[in-house]
Amino acid sequence: MKPVYTLADLASRDLLDFQCDHPARFAVIGHPIAHSASPQMHQAALDVAGIPARYIRLDIEPGQAGEALRRMRALEFTGCNVTVPHKLEVMAHCEVHPDALALGAVNTIRFDGDASRGFNTDGPGFAQAIEDDFQVTLASQSVAVIGAGGGAGQAIATQCCLVGVKKLILVNRTLDKLNMLLKRLAPLFPQTDIIVLSFDDPTLAMQCVSCDLIVNTSSVGLKSGDPSILPQECLRGTQHVYDTIYQPPVTPLLELAQGLGCQTANGRSMLIRQGALAFQHWFPGTDPLRTMERALRSS
Ligand code: ATR
């Protein structure tokens with residue numbers, strides 16, 4: 001079995017399943033894709049459920065996602081996960097669930113006969129992670145999403161609106177992206193009070209401190225030497241602080257928050273929950289969460 005397959009391998013079953021025990025029926029598509037943790041989680045869940053199928057990594061160039069879906073369906077795949085940079089591109093090639101349409105991205109596809117159905121499990125996975133990590137419902141929280149102009153931030157901001165969060169602060173370096181997001185969300189979710197801010201807004205600290213939950217969805221904290229995305233004045237010790245980054249497990253933001261006494265959690269819980277929800281789109285009624293948690297821990 002190859003560590004990474006390409007579009008060319010989707011030409012035939014002979015190429016795809018050469019010297020493999022089980023047929024490839026699931027994949028994660030992205031570019032690059034070698035780092036993806038999805039195969040560990042999903043293969044473990046397939047094995048525990050006794051399903052004789054392989055889950056593979058597929059490196060697909062931008063612009064080729066539609067062709068990859070067409071070939072997977074022809075080869076009788078059950079489904080696939082979709083990651084950067086294809087989450088928008090695949091939307092033109094599948095029937096998109098209304099929640100995924102609102103979230104603006106598809107990360108899970110199920111092949112049903114002639115149809116490819118697109119779902120988003122990142123948003124619901126985030127909501128479940130908050131509930132499990134902090135023992136509160138997402139709907140009960142006033143939320144500040146930091147880096148809300150990026151792909152992950154937009155999905156999380158939209159999920160907050162979908163569950164009925166009353167107050168939502170969106171912070172981003174590039175304000176234009178937030179104004180576009182606000183234009184999309186405000187008419188759809190009039191019950192949510194949405195405020196957009198840049199990092200140099202004089203009310204930033206006051207607005208952040210007023211929130212129950214702070215979520216970093218920016219890439220700041222990924223690289224060693226990165227600063228905390230927020231200064232100390234934006235935090236108070238009774239808040240929940242979630243960082244979607246899970247490597248490193250404690251980002252400078254989480255370190256700062258822990259020092260102030262905040263409850264903190266990292267994006268590992270969201271990663272596992274979005275995976276479990278994707279698996280459940282393929283196999284309704286299963287409960288792969290613990291298996292996926294174990295598989296990631298031992299990787
Ligand atoms: P995407 O998720 O769309 O691929 P990205 O380039 O990975 O985007 O960036 C994700 C988020 O991190 C964005 O909100 C980005 O801010 P901009 O919209 O202003 O680019 C944010 N981000 C990245 N580097 C940053 C930095 N040094 N300071 C503040 N925000 C930053």
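Values in this text are rule-based calculations from the coordinates and carry no lab data. Just so it is clear, the model here is predicted, and its values are computed rather than measured. Ideal geometry is used to build each Cβ from the backbone, glycine not excepted, and the neighbour counts take in all protein chains shown.
Each label point is 7 Å from the Cα along the Cα-to-Cβ direction; what then is the distance between the points at LYS183 and ALA205, in nm?
3.4
Report relative contact order for segment 68-108 in percent, whole number only (criteria: Cα-Cα under 8 Å, sequence separation at least 6).
Reported as a whole number, the value is 49 percent.
How big is the C-alpha Rg of segment 179-219 next to the rule-of-thumb value 2.2 N^0.38 Å, as a ratio?
1.29
Whole percent per 5 Å bin, from 0 to the bin with the longest distance: what is P(r) over all C-alpha pairs of segment 1-134?
It works out to 2, 11, 20, 23, 22, 14, 6, 3, 1, 0, in whole percents.
Expressed as a whole percent, how much of the Cα-Cα distance distribution for the chain exceeds 35 Å?
21
Treat every Asp and Glu Cβ in segment 138-204 as -1 and every Lys and Arg Cβ as +1, leave all other atoms uncharged, and give the resulting dipole magnitude about the Cα centre to the nearest 20 debye.
Its charge dipole is roughly 160 debye.
How charged is the neighbourhood of LEU271? Take every other residue with its Cβ under 11 Å from the Cβ of LEU271, and add Lys/Arg as +1 and Asp/Glu as -1.
0
So how compact is segment 248-292: Cα radius of gyration and Dmax in angstrom?
So, for segment 248-292, Rg and Dmax equal 14.7, 42 Å respectively.
May I ask you to list the lysines whose Cα is less than 21 Å away from that of LYS167, ignoring any residue fewer than eight positions away on the same chain?
Of all the lysines, those that pass the test against LYS167 - Cα under 21 Å, at least 8 places apart if same chain - are LYS177, LYS183.
Place the peptides 10-18, 245-253 in order of packing, highest mean first, counting for every residue the other Cβ atoms within 10 Å and averaging per peptide.
Result, highest mean first: 245-253, 10-18.
So what are the ³J(HN,Hα) numbers for segment 125-131, from phi and the Karplus equation (6.51, -1.76, 1.60; θ = phi - 60°), rounded to whole Hz, Gly and Pro as x?
Karplus-based 3J(HN,Hα) across segment 125-131 equals x, 5, 4, 5, 4, 4, 5 Hz.
Could you work out the relative contact order of the chain, using alpha carbon pairs under 8 angstrom and six or more residues apart, expressed as a whole percent?
15
Efficiency by 1/(1 + (r/R0)^6): what FRET value for SER12 and SER299, r their Cβ-Cβ distance, R0 = 41 Å, to the nearest 0.05?
0.85
Compute the convex hull volume of the Cα atoms of segment 209-294, divide it by the residue count, and report the result per residue in Å³ as a whole number.
Dividing the Cα hull volume of segment 209-294 by its residues yields 113 Å³.
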